[in-house]
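Here is the structure we will look at.
Only the coordinates and a few stated rules stand behind these numbers; no lab work does. Everything numeric in this text was worked out from a predicted model, so none of it was measured. Virtual Cβ from ideal backbone geometry, glycine too; neighbours counted across all protein chains shown.
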């Protein structure tokens with residue numbers, strides 16, 4: 001008999017979620033690429049958004065190379081378990097998505113321009129997967145800081161959804177919310193493809209321009 005993990009295709013409810021812990025698993029330090037901090041305090045002119053587009057290794061590199069991005073970090077968000085480990089997130093019983101925390105400078109890079117790279121960088125119609133990476137942790141998400149950013153995110157989803165539909169793709173499944181806590185992932189995940197240049201990157205978009 002083959003065991004099937006039900007949390008690969010659905011999120012856990014409160015009674016099913018893992019307990020987690022009160023202590024963060026990482027004290028955020030300096031970015032391995034440019035040396036700027038990956039945690040607070042950030043400069044006043046910086047805004048934050050959390051973006052999930054599959055495995056966070058390749059996703060983080062997509063954004064740290066973008067002009068106007070001050071810093072990036074990877075972690076977990078959108079679930080129920082506080083301060084989860086990678087193994088716990090992979091079980092599906094935390095409810096989290098793998099996300100990139102993007103600290104960007106709106107004077108140099110608008111949220112919409114940032115989201116254009118997000119949309120073009122993955123397939124936001126796949127539900128709980130990205131390509132061969134299957135599970136709720138790989139679902140497409142946008143988590144914003146405030147209502148104004150949330151409105152921009154929803155408008156961008158509608159815009160790109162129309163472009164995808166015109167190209168024969170299905171509906172956008174991206175989860176868009178505000179006010180979701182961000183939990184830093186373990187140090188070895190941070191800027192992973194800088195540390196391991198030939199490491200795995202599963203990013204694959206739809207070849208549809210924003």
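Starting with the fewest neighbours, write out 46, 141 ranked by other beta-carbon atoms found within 10 Å of each beta-carbon.
Ranking 46, 141 by Cβ neighbours within 10 Å, fewest first, gives 46, 141.
Across segment 44-153, what fraction of all alpha-carbon pairs, as a whole percent, falls in each successive 5 Å bin from zero upward?
Values per bin, smallest distances first: 2, 13, 23, 25, 18, 12, 5, 1.
Under a plain spin-label model, where a point goes 7 Å from the Cα along Cα-to-Cβ, how far apart in nm are residue 148 and residue 22?
For residue 148 paired with residue 22, the spin-label model returns 3.7 nm.
May I ask you to derive the relative contact order of segment 32-195, considering only C-alpha pairs under 8 Å and at least 6 residues apart, and to give it as an integer percent?
Worked out over segment 32-195, it gives 32 percent.
The chain: D in µm²/s via Stokes-Einstein (Kirkwood Rh, Cα pairs, 25 °C, 0.890 mPa s)?
Rounded, D is 142 µm²/s.
Tell me, in nm to one decimal, what length is gained between residue 201 and residue 107 on full extension, where the rule is 0.36 nm per residue of separation less the Cα-Cα distance?
Answer, rounded to one decimal: 30.8 nm.
By count of other Cβ within 10 Å, fewest leading, how are 25, 176 ordered?
Least crowded to most crowded, the residues run 176, 25.
Roughly how compact is segment 101-210, stated as its Cα Rg over 2.2 N^0.38 Å to two decimals?
1.12
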